[in-house]
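Here the structure is laid out as structure tokens; the discussion comes afterwards.
The values are calculated or read from the model by the stated rules, or taken from the named source; none is laboratory data. Treat the numbers as computed from the prediction; the structure is a model and nothing was measured. Positions of Cβ are backbone-derived with ideal geometry, glycine not excepted, and every protein chain shown enters the neighbour counts. Ligands, DNA and RNA are excluded from the accessible area calculation, which covers all protein heavy atoms including side chains. Shrake-Rupley method; radii C 1.70, N 1.55, O 1.52, S 1.80 Å.
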Amino acid sequence: MKEVNSLRSELLGTNHVPSPEECDLIRQSLIPFHIERYAALDAEINRIQPTLAALQREQRAHRELIDAHKALLTPMRRMVPDVLLEIFRHCQSDLLDSPMRLMSVCRSWRELVLSTPTLWKLVFLHDTMQTLRIVPFARACATYSGSCPITVVFKFMRRQDRLRRKAIFDALAILALHVHR
């Protein structure tokens, strides 16, 4: 790469007033050289941009494969169902609709939760629960609890609106069908 002599770098970006000779050097050599070099670099960048983009896509794909393979090695995947169930039972006191949340983690957890009636025997209806989730949760508990007795716990600290009251009554109607347990 041919380099054209520049003004002393300490003069650039200052209030230095160039001499007439320096002005000629700037106009005739420096600016044209830098414009040409800038255009050449811009063309080179534009030329390699598609290659760079393709390499970045391939790199992302490999990162995703690395992460997916590492996920296969996590200890949770090798945990025996009895230990997982014990952990799930402890979650019931902290997560009020824990079976629904646990089911959404992965297929194996979903299968385990759906096949364990004791995880569904506690129906905890509370005022922080989304109105649209009350009835489906009660229905799921009634269905998946099998023949286990169901315990219903209410925790409503504030006055409920009409839609929420209806959802609560609908949930109770579903659960009332299983009162014989």
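Give me a count of the residues in the stretch 130-160 that are of a type in the set (D, E, K, R) and out of contact with any helix residue (DSSP H, G or I) (no Cβ under 8 Å at 6 or more places or on another chain).
Matching residues across the stretch 130-160 total 3.
What number of residues within the stretch 59-68 are open to solvent by less than 100 Å² (accessible area, probe 1.4 Å) and of a type outside the set (A, V, I, L, M)?
Of the residues in the stretch 59-68, 2 are open to solvent by less than 100 Å² (accessible area, probe 1.4 Å) and of a type outside the set (A, V, I, L, M).
Is it the case that ASP94 is farther than 23 Å from ARG165 by Cα, modelled with pLDDT under 75 and either open to solvent by 90 Å² or more (accessible area, probe 1.4 Å) or touching a helix residue (DSSP H, G or I) at 6+ places or on another chain (Cβ under 9 Å) (or both)?
yes
Which ones in the stretch 1-20 are part of a helix (DSSP H, G or I), exposed (fewer than 10 other Cβ atoms within 10 Å of the Cβ) and at pLDDT below 90?
SER9, GLU10 - these are the residues of the stretch 1-20 that are part of a helix (DSSP H, G or I), exposed (fewer than 10 other Cβ atoms within 10 Å of the Cβ) and at pLDDT below 90.
May I ask you to list pairs of residues, at least six apart or on different chains, whose Cβ atoms are under 7 Å apart, with the first in the stretch 24-35 being under 19 Å from SER9 (Cβ atoms) and of a type outside the set (Phe, Trp, Tyr) and the second being open to solvent by less than 60 Å² (accessible area, probe 1.4 Å) and not in a helix (DSSP H, G or I)?
Once the first residue is under 19 Å from SER9 (Cβ atoms) and of a type outside the set (Phe, Trp, Tyr) and sits in the stretch 24-35, its partners that are open to solvent by less than 60 Å² (accessible area, probe 1.4 Å) and not in a helix (DSSP H, G or I) give ILE26/PRO18; SER29/VAL4; LEU30/VAL4.
Return yes or no: is VAL179 closer than 20 Å to PRO99 by Cβ and either aliphatic (A, V, I, L, M) or at pLDDT 85 or above (or both)?
Considered against the rule, which asks whether it is closer than 20 Å to PRO99 by Cβ and either aliphatic (A, V, I, L, M) or at pLDDT 85 or above (or both), VAL179 comes out as no.
Please find, within the stretch 112-131, the residue that is nearest to GLN92 (Cα to Cα) out of those that are open to solvent by 50 Å² or more (accessible area, probe 1.4 Å) and within 23 Å of the chain's Cα centre (by Cα).
Within the stretch 112-131, the match that is nearest to GLN92 (Cα to Cα) is THR128.
Determine which single condition THR151 fails, assuming it passes every other condition in (1) more than 25 Å from VAL80 (Cβ to Cβ); (2) touching a His at 6+ places or on another chain (Cβ under 8 Å); (3) modelled with pLDDT of 85 or more; (4) of a type outside the set (Lys, Arg).
(2)
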